[in-house]
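One structure is given below, encoded as structure tokens.
The values are calculated or read from the model by the stated rules, or taken from the named source; none is laboratory data. The structure presented is a predicted model; accordingly, all values stated were derived computationally and were not measured. As a convention, Cβ positions derive from the backbone with ideal geometry for all residues, glycine included, and neighbour counts pool all protein chains shown.
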Amino acid sequence: MNNYAIETRKLTIFYGENRVINRVSLKIPKNVVFALMGPSGCGKSTMLRAFNRILELNKDAKIMGKVFLMGQNIYAPNIDPSDIRRKVGMVFQYPNPFPHLTIYENVAMGIKLNGLLKSKEEVERRVKWALKRAWLWDEVKDRLQDYPSNLSGGQNQRLIIARALALKPKVLLMDEPTANIDPVGTRKIEDLIYSLKEEYTVVIVTHSPTQAARVSDCVGFLYLGKLVESGRTKEIFERPQHELTEKFVTGELV
Amino acid sequence: MWKFSLRMAKDRVFIVAVSAFTILTVYPLLHIIYSVARNGLPVIMERGPTFFTGGMSEAGIGPAIAGTFLLVLLSSLIGLPIAFLVGVYAYEYPDSLIGRTTQALLQIMLEFPTVLVGVFVMDIIVLPMGTFSALAGAFALAIIMMPYVAVYTKEAMRQIPFTYREASFGLGVGRVKAIFRILVPLAKRGITTGILISMAKVAGETAPLLFTAGGLYESYPTSVTEPVGAIPLLIYTLIQSPSKDAHSMAWGASLVLLIFFLGVFIPIRRSLKVVRL
């Protein structure tokens, strides 16, 4: 029986000749917020993109080792990457709603193109549910036919979360979701992330140890492509086993 | 207190020279527009609406206008779908053998002498059919149109930031849907621009029609397998005639062509920031 949402075994990633991730073995339990933290350029975002096979869009990237999603090897030859991407939603560093689609269409697009729901009413209900779950419904319910350019950064990011949730994924990947958001918007998104773990496993990439401490239950510290240590957030922050980790969580290592 | 400075003097000379050259380059274009308007406008004013609707014997260019529209329409039907797909393919697989070959081929075709296209189409369509036809003319124009549309499509797609690519594939919809249902609509404006520019371009082409379209100026075209006229082809024919009447008619036709061309081009150029060729 497998209790992990995501498990990597000796995951190694190359960009051309460059080894970005080096033999990382990591276990992410179900229904937690897991923070993948580390200084800029340590390979966090790259590693996150291996969890839903979106990294393959980058032609220079070469992935070795294994990644399991709910016990299933997602790099097995018979696996369709599209299935994995549906199960593992993604939120990006820069809020990227499709600018040519309305707020409604942005959330509905994934459902429609995947043919997940048959009737228009079902799609409408799902869109409403996703927007409510992303705490955006009350702010946009009167302007669903508006374009996302009229929303604030924080609202746009919650729209992206709704877009991902609409496909009812099992895992949500978030790549520095608050890096481009103002403090008030950041607060709201962090609260939202915390609430999501009841139904989902959330993996969030952050360069900020304080954010990791605020939102996560478990944490992994990545440095120069290697996993230095991982475990319960409380333990890692209170009793780091490694000198590098201690430096990072106390803000000495940037 | 003015003191001679070599640096300042060089600067002045340079600015004057650059301005002069700029004016020299733009002047011919402005002069063309001016002389076409000056010579063409009186002809159109004098003959009134008949100029746009009547046949040759009524001193009108109606059939030529209709022929140009027919040729542009037909060539678009033939060329646009293929060229669009080629452009998308070249964007999605730039490093594949077909992608790279297509790229090189498109570059060559952009510079290809258009009269040779006419000769080629004459050989493969006009001679076997035994007649000039709208179909042959449209086919020649389609060949000229396709590289433009393909290159513009590819460039418009390439302008899409990578993050939208990640977002669309991230929805788990598969490559075909991600590209055609999300990314292509996202680049719609750039692609449309390329299509309109290529249509404006072929509307003004003469050489590819010389041995293919044939010409029809007395009555309106009724069939795509019969000869058809076109404004640029008519201008070419009229100018070769010694008659003064024919020349003034050519000026009128030139103005119609110019208005059509600028009418498509100026709005595009003004909104054109996304795509560069």
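Can you find even one residue in the range B:25-36 that is among the β-branched types (V, I, T), at pLDDT 90 or above, exposed (fewer than 11 other Cβ atoms within 10 Å of the Cβ) and not assigned by TED's automatic domain parsing to the domain that holds B:S248? Break it down stepwise before answering.
Applying the first criterion (among the β-branched types (V, I, T)) to the range B:25-36 yields B:25-26, B:32-33, B:36.
Next, from what is left, pick out any that are at pLDDT 90 or above: B:25-26, B:32-33, B:36.
Checking which are exposed (fewer than 11 other Cβ atoms within 10 Å of the Cβ) leaves us with B:25-26.
With the extra rule that they be not assigned by TED's automatic domain parsing to the domain that holds B:S248, the set shrinks to B:25-26.
Within the range B:25-36, one or more residues are among the β-branched types (V, I, T), at pLDDT 90 or above, exposed (fewer than 11 other Cβ atoms within 10 Å of the Cβ) and not assigned by TED's automatic domain parsing to the domain that holds B:S248.
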Pick from the range A:201-254 the residues that are touching a residue at least 12 places away in the same chain (Cβ under 8 Å) and charged (D, E, K, R): which of them is farthest from A:E7 (Cα to Cα)? A:R214
Wholly inside the range B:187-274, helices (runs of 4 or more DSSP H) that include 1 or more residues that are within 14 Å of chain A (Cβ to nearest Cβ) and over 15 Å from B:G60 (Cβ atoms) are B:188-203
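Look through A:D60, A:D83 and report the one residue that is at the interface with chain B (Cβ under 8 Å from one of its Cβ atoms) and more than 27 Å from A:Q155 (Cα to Cα).
Numbers: A:D60 fails: at the interface with chain B (Cβ under 8 Å from one of its Cβ atoms).
After applying the criteria, what remains is A:D83.
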Testing B:A59 on (1) surrounded by fewer than 19 Cβ atoms within 10 Å (Cβ to Cβ); (2) at negative phi; (3) not basic (K, R), one condition comes back false. Which one is that? (2)
Scanning the range B:70-101 residue by residue, those in contact (Cβ under 8 Å) with a residue 24 or more places away in the chain and small (G, A, S) turn out to be B:S75, B:S76, B:G79, B:A83, B:G87, B:A90
Give me the residue from the range A:98-113 that is facing another protein chain (nearest Cβ under 8 Å) and either in a helix (DSSP H, G or I) or within 17 Å of the chain's Cα centre (by Cα) (or both) and, out of that set, farthest from A:M174 (Cα to Cα). A:L113
Output for Cβ contacts, cut-off 8 Å, separation at least six or different chains, first residue away from chain B (no Cβ under 13 Å) in the range A:150-175, second among the charged types (D, E, K, R) and assigned to a loop (DSSP other than H, G, I, E, B), reads A:N150/A:R143; A:S152/A:D182; A:G153/A:D182; A:G154/A:D182
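Determine whether the range A:43-52 contains at least one residue that is at the interface with chain B (Cβ under 10 Å from one of its Cβ atoms) and crowded, with 21+ Cβ neighbours inside 10 Å.
Applying the first criterion (at the interface with chain B (Cβ under 10 Å from one of its Cβ atoms)) to the range A:43-52 yields A:49, A:52.
Imposing the further condition that a residue be crowded, with 21+ Cβ neighbours inside 10 Å reduces the set to A:49, A:52.
Yes - at least one qualifying residue is present in the range A:43-52.
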Identity of the residue in the range B:164-186, farther than 19 Å from A:S45 by Cβ, in a helix (DSSP H, G or I) and within 7 Å of chain A (Cβ to nearest Cβ), that ends up farthest from the chain's Cα centre (by Cα): B:K177
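Name every residue in the range B:178-198 that is out of contact with any Ser or Thr (no Cβ under 9 Å at 6 or more places or on another chain), surrounded by fewer than 19 Cβ atoms within 10 Å (Cβ to Cβ) and under 13 Å from B:R269 (Cα atoms), in order of residue number. Lay out the reasoning, then the answer.
So the first thing to find is which residues in the range B:178-198 are out of contact with any Ser or Thr (no Cβ under 9 Å at 6 or more places or on another chain), and the list is B:180, B:185, B:188, B:192, B:196-197.
Then keep just the ones that are surrounded by fewer than 19 Cβ atoms within 10 Å (Cβ to Cβ); that gives B:180, B:185, B:188, B:192, B:196.
If the condition is that a residue be out of contact with any Ser or Thr (no Cβ under 9 Å at 6 or more places or on another chain), surrounded by fewer than 19 Cβ atoms within 10 Å (Cβ to Cβ) and under 13 Å from B:R269 (Cα atoms), then B:T192, B:L196 are the ones that fit.
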In the range B:5-22, is there at least one residue being within 30 Å of B:A253 (Cα to Cα), under 28 Å from the mean Cα position of the chain (by Cα) and not assigned by TED's automatic domain parsing to the domain that holds B:M249? yes
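With the range A:1-62 as the region, which strands (runs of 3 or more DSSP E) entirely inside it contain at least 2 residues that are closer than 20 Å to A:P240 by Cβ? If you could, list the steps in order and put the result at the bottom.
Numbers: elements: A:4-15, A:18-29, A:33-37.
So the answer is A:18-29, A:33-37.
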Looking at the structure I just gave you, is B:S241 loosely packed, with under 14 Cβ neighbours inside 10 Å and without any contact (Cβ under 8 Å) to a residue 12 or more places away in the chain? yes
Working only within the range A:35-73, note down all residues that are polar (S, T, N, Q), in contact with a strand residue (DSSP E or B) (Cβ under 6 Å, 6 or more places away or on another chain) and in contact (Cβ under 8 Å) with a residue 40 or more places away in the chain. A:S45, A:N52
Inside the range A:176-189, can you point out the residues that are without any contact (Cβ under 8 Å) to a residue 12 or more places away in the chain and either surrounded by 24 or more Cβ atoms within 10 Å (Cβ to Cβ) or within 21 Å of A:W137 (Cβ to Cβ) (or both)? A:R187
Qualifying residue in the range B:155-166 (condition: under 30 Å from B:A136 (Cα atoms) and of a type in the set (V, I, T)): no
